[in-house]
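Presented below is the structure to which this report refers.
Where a number appears in this text, it was derived from the coordinates with a stated rule and is not lab data. Computed from a predicted model, the values in this text were never measured in an experiment. All Cβ positions, glycine included, derive from the backbone under ideal geometry; neighbour counts span all protein chains shown.
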Amino acid sequence: MVLLLSPFAPHLSESLWEALGHSPSILDVSWPSYDPAWTEEEVVEVVVQVNGKVRSKFAAPANADEETLKERAVSDPKTQPWIEGHSIKKVIVVKGKLVNIVV
């Protein structure tokens, strides 16, 4: 935390760094690294639209294919009243974001 604070409060960070018992200056320490895999989401929220209006949302795996998202959106209980009695003309899927059902 002290290392992340150093660009904003360098004098305070240097004092805290020395108080914590670190010998080299905080300016000589490299910036913390991260693993890009930690930033990837495993589950995303997919919005379901019927004729361009939001009717439902559901959680789906981030790597779900278009066919799975389409089936799940059409079988969603919240979208059923909006598509019931109509023929589905087109289903537009934006992978990981939304499914738009045109009736």
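Give the longest segment of the chain that steers clear of trypsin sites (Lys or Arg not before Pro) in DSSP loops with at most 16 neighbouring Cβ atoms within 10 Å, not counting the sites themselves. Between exposed loop sites, the widest span is 1-77. Show me the chymotrypsin sites (Phe, Trp or Tyr not before Pro) within the range 33-103 that DSSP assigns to loop and that have at most 13 other Cβ atoms within 10 Å of their Cβ. Of the chymotrypsin sites (Phe, Trp or Tyr not before Pro), the ones in loops of the range 33-103 whose Cβ has at most 13 other Cβ atoms within 10 Å are Tyr34.
What separates the Cα centres of the range 24-67 and the range 72-86 is a distance of 27 Å.
Charged neighbours of Val44, selected by a Cβ distance under 12 Å, balance to -1 (K, R count +1; D, E count -1). Highest mobility in the GNM of the chain, judged by mean-square fluctuation with C-alpha springs under 10 Å and restricted to Glu67, Glu14, Glu41, is found for Glu14.
Here Thr68, Thr39 are placed in order of increasing Cβ neighbour count within 10 Å, fewest first, which gives Thr39, Thr68.
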